[in-house]
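Heads up, the thing below is written out as structure tokens.
The values are calculated or read from the model by the stated rules, or taken from the named source; none is laboratory data. Everything numeric here is computed off the predicted structure, so don't read it as measured data. Because the Cβ atoms are built from the backbone with ideal geometry, glycine has one as well, and the counts that use them run over all protein chains shown. Heavy atoms of the whole protein, side chains included, go into the accessibility calculation; ligands, DNA and RNA do not. Shrake-Rupley method; radii C 1.70, N 1.55, O 1.52, S 1.80 Å.
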Amino acid sequence: MKYLGDMMAYWLLDRRASIKKQSASQVMKIFKAPKFRLRVALVIPFVLQIVGAAGLVSYLSFRSSQTAVNDLATQLRSEVSARIDGEMRKYLSSPHDFNRLNGVTFARDNFDMVNASNGKQFLTQVQISPFIYASYCGDSQGQYLGAYRLFFQGSSTIAMSVSNQESNYNFYFYAMDSRGNRQQLLEKLRPYDPRKRPWYKAAIAAQRQIWSEVYLDFASGLPTITASEPIYDTAGNILGVCATDVVLLQDLRNFLANLSVSKNGRAFIIDRKGSMLSSSTKEPLTVGKGENTKLVIATESEEPVVRETSKYLQQHFGGFDKIRNNQQVDYLLDGQRQFVQVSPLNDGKGIDWLIVVVAPESDFMGKIYENAHNTIVLVLIALGVAILIGFFTARWIVRPLQMLSKASQEIAKGNLDHKVYPSALKEISILANSFNSMTDQLKESVEALRLANEELENRVERRTAELRKEKERSEQLLLNILPGEIAERLKRSESPAEHFEEVTILFADIVGFTALSAKMEPMQLVSGLNSIFSAFDQMTEKYGLEKIKTIGDAYMVVGGLPIPRPDHARAIADMALEMQSYMKTIPSDLGDSLQLRIGINTGPVIAGVIGIKKFIYDLWGDAVNVASRMESHGKPGCIQITETTYCYLKDRYLLEARGTISVKGRGDMMTYWLTGKLIIDS
């Protein structure tokens, strides 16, 4: 069909024009993208390489140094903790040795517990050990004898401390001579029974050497712990208890302060309750006065490092009592990383403390940070030099290229006589010569193109006029042959076919018509068919349907196009029933009564025009094939429908199930007979 060919040609031309417009639009987008000068493009990669290489080397060097520093800090914390542990064990070992020596002497009855006339052994022990505050023994009768470091009248002296029958069991202090003999009375205190004291009871209950908890001594007010040991006779009876008071003196704090932890490192000792026992800081270990005096709690320390480290350990481990092994952790304090080593100190006799060593990372990283700063400065200097060198190098390369760029702009304006002068750079000189040669060839090509373009324009104008006339003629032909709505829809559509989601197709065939045609004259046969199909055409118009075609004695009609309608299945059903009724009234000159075999199906189709020289409006799709099979597999005088059509008609029509039939290409399908229309009260 010539009209369809013309339409397809126009459609292809429109599509090509659309594609060209899109390609041109894409090209324009590329040209409108952000541009960079060649000078910048040459310098930036050079600079980025320097920055990347220097930055990577600096970072790796910094990380390597940081790792080495962390290892060093770990070793230093471990070493300092070990030194403190060793010093504390030495510090705390001699009191038990003194108790053992005093116990042997006490068991031999070499102490005058009744008159307190001798205390040389106690005096010597306090004299040789500056951290020993008192050394003494108490017997099972409530008598007490020992040496006590007493602060009397503004000075420190070692006094004899007694509580016996002669002192009426009050606590007395006496001066002592160099042999440990009692001299004049220095001070009287309240009644004192050693058997009621915690150190005595604890040793009796433990039946072994034991340490007391840290407490504030009632006389000195200093943090003190007591080492005590029970004394038995040969029969295993308790004779008494010997004890030694150890004061956590300034000497221990000086030892902690003089440790080479780091510039701002700290070391401190706490018990499992969190009380401060000693510290390398100058912060007092006690707060309050008189009877309200108590040890400072580490988490409440005035020293930020001590306070925050203690809080972190308590939170991290869930309590100080949960720390059973040496632990190394770190945390942030005011944005600075702190390295922490915490080590338990346990002698198996009651000492259960924690040694904490803290060192800020900045103490170790100071020199590294300084080197990193110097590296950054050197990198910036190198970067500046590289930028200058790159700038001048790029300028030397870019200037001849700028000349080429200017020449290309002149050529783009139509000035094909513009020439480019050679450059000192060999490659650019070759490019300039090639550019000049290209310009000459371009001038020749432009002239040839101009002549060819004039010829092409003339041809296009002639062909366009021919196509326009053909289009007008084809459109008029469409309007004359096809229904107006279909013709208008095809004219508006870019494609010669349309897709319809759901229509109902009817195929009808006159049964026995082939045999009848052999008995009749051709003109009589054509007249009879024309009479039947004219009646069918009137029914088609009556029910608002669309006739598709007739093929011999077959008739095809569709409902639901070109304008979709919801009642297309019912309209087809009504027409089919009327067609069956009509066949019973046809003229008798056509011979025996004729019957129709009708098949109906509902589904999606493609509707459009096919052909080049001649064209026809037709339907395609699986739904069309199934409708045709319904007709060919039906019975004379019956209307066979598919299950899809049945769903549209079951509430308004009389339907009988035929069962499943085999349909080529579809397998078994359920079908129904349409026998009539239900009478529904309005």
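Okay, here's what the table says:
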quantity: Heavy-atom SASA rank of 188, 349, 519 (probe 1.4 Å, accessible area, largest first); calculated: 519, 188, 349
quantity: Among 650-663, 335-348, the order from most to least packed when residues are scored by Cβ within 10 Å on average; calculated: 335-348, 650-663
quantity: When each of 519/664; 549/635; 196/294; 549/677; 547/664 is checked by Cα-Cα distance, pairs over 24 Å; calculated: 519/664; 549/677; 547/664
quantity: Heavy-atom accessible area ranking, 1.4 Å probe, most first, across 525, 354; calculated: 525, 354
quantity: Leading residue at positive end of dipole, the range 270-405 (Cβ point charges), from 390, 402, 345; calculated: 402
quantity: Heavy atoms of residue 186 accessible to a 1.4 Å probe, total area in Å² rounded to 10; calculated: 40
quantity: For the range 495-540 versus the range 181-197, the gap between their alpha-carbon centres in whole angstrom; calculated: 141
quantity: Most to least accessible of 383, 442 (protein chains only, probe 1.4 Å); calculated: 442, 383
quantity: Inter-label distance, nm, simple model (7 Å from Cα along the C-beta direction), residue 388/residue 352; calculated: 7.2
quantity: Where only alpha carbons of the range 291-419 are counted, the Rg and the Dmax (Å); calculated: 33.4, 111
quantity: Per-residue ³J(HN,Hα) for the range 544-559, Karplus 6.51 cos²θ - 1.76 cosθ + 1.60, θ = phi - 60°, Hz, x for Gly and Pro; calculated: x, 9, 10, 6, 9, 5, 10, 10, x, 9, 9, 10, 10, 9, 9, x
quantity: Karplus-derived HN-Hα couplings along the range 102-114 (A = 6.51, B = -1.76, C = 1.60, θ = phi - 60°), whole Hz, x at Gly and Pro; calculated: 5, x, 4, 5, 5, 5, 7, 6, 9, 9, 8, 6, 7
